[in-house]
1. List the number of the failed condition for Gln66; all other conditions in (1) farther than 27 Å from Leu197 by Cα; (2) at pLDDT 95 or above hold.
2. Condition test on Arg61, is it at pLDDT 95 or above, assigned to a strand (DSSP E or B) and of a type in the set (D, E, K, R)?
3. State the number of residues belonging to segment 123-147 that are of a type outside the set (Val, Ile, Thr), under 13 Å from Ser56 (Cα atoms) and open to solvent by less than 20 Å² (accessible area, probe 1.4 Å).
4. Of the numbered conditions (1) modelled with pLDDT of 75 or more; (2) open to solvent by less than 50 Å² (accessible area, probe 1.4 Å); (3) of a type in the set (Gly, Ala, Ser), Gly9 fails exactly one; give the number of that condition.
5. Determine if segment 155-162 includes at least one residue that is part of a loop (DSSP other than H, G, I, E, B), charged (D, E, K, R) and under 12 Å from the mean Cα position of the chain (by Cα).
6. Which pairs do you get when a residue that is without any contact (Cβ under 8 Å) to a residue 60 or more places away in the chain and open to solvent by 30 Å² or more (accessible area, probe 1.4 Å), found in segment 148-172, comes within reach of a residue that is of a type in the set (A, V, I, L, M) and not in a helix (DSSP H, G or I), reach meaning Cβ atoms under 7 angstrom, with the pair 6+ apart or on two chains?
7. Would you call Arg190 touching a residue at least 24 places away in the same chain (Cβ under 8 Å), open to solvent by 50 Å² or more (accessible area, probe 1.4 Å) and among the basic types (Lys, Arg)?
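The values are calculated or read from the model by the stated rules, or taken from the named source; none is laboratory data. Being a predicted model, the structure only gives us computed values, none of them experimental. No Cβ is skipped: glycine too gets one built from the backbone with ideal geometry, and neighbour counts run over all protein chains shown. Calculation scope for accessible area: heavy atoms of the full protein, side chains included, ligands and nucleic acids excluded. Shrake-Rupley method; radii C 1.70, N 1.55, O 1.52, S 1.80 Å.
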Amino acid sequence: GDAPPVAEGLEPALVHLEHESPEARARFVVGPREATLDPARVTAVDISPGTVLGRSTADFRVVAGQVFDITATVGRGWFIDSVEAIDAARGRGVQPTATAGRPLEWRLVRSPQGSELRIGLAEAATPRRGVGLLITGHRSGLPLVAEFSSDDIDMVRFPGEQAMLEFQVGPTAVLDTPAGPLRLEPLPERLQTLSGLAAPRARIVAGERAPA
């Protein structure tokens, strides 16, 4: 008969068996499907002695399956202020989430190993319907002569992401490294609509793909 309907974002599983013996047996174990996400993110940080403000814009493409929640690692010392769904799917033929512009359910889970941001989606993200997120937060400020690492200043990270970190500082401040001033690295095409600063002072690769 006709195959049963398959939920959006899932591919039907077909298994063909050929028994070579009348005593042959087949044993099947059915487990939960795991969704595959392809995240992209740009985080803009405004550094000052009083406070550091963070704004992360992220675009999630679903490669397979359905996604109902998203988890991020939160940088040390950061506090999350808001999480909002946005339309980050412009120009790539994917339907935006229907909850764009609305706050989402989220919570921050702290542990001795670090903090996690857990975000629940009002509707599933699928290969046909992506999801965008806008996350804002803050942490304690940095004096003009302070040293910091990209791990300290990066607000959130998603597993497997393509990410960049943009810096804004005061007119008299400079961003130096042992190798010289921080450069303004070019934005890959996918990240161009996620940039949160019109004229950042510096931009570097962030996340798991950042150079050691």
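1. Looking at each condition in turn, Gln66 falls short on (2).
2. no
3. 3
4. Tallying (1) modelled with pLDDT of 75 or more; (2) open to solvent by less than 50 Å² (accessible area, probe 1.4 Å); (3) of a type in the set (Gly, Ala, Ser), Gly9 fails exactly one: (1).
5. Within segment 155-162 (the criterion being part of a loop (DSSP other than H, G, I, E, B), charged (D, E, K, R) and under 12 Å from the mean Cα position of the chain (by Cα)), the answer is yes, since at least one residue qualifies.
6. These pairs meet every condition: Phe148/Leu142.
7. The answer is no for Arg190.
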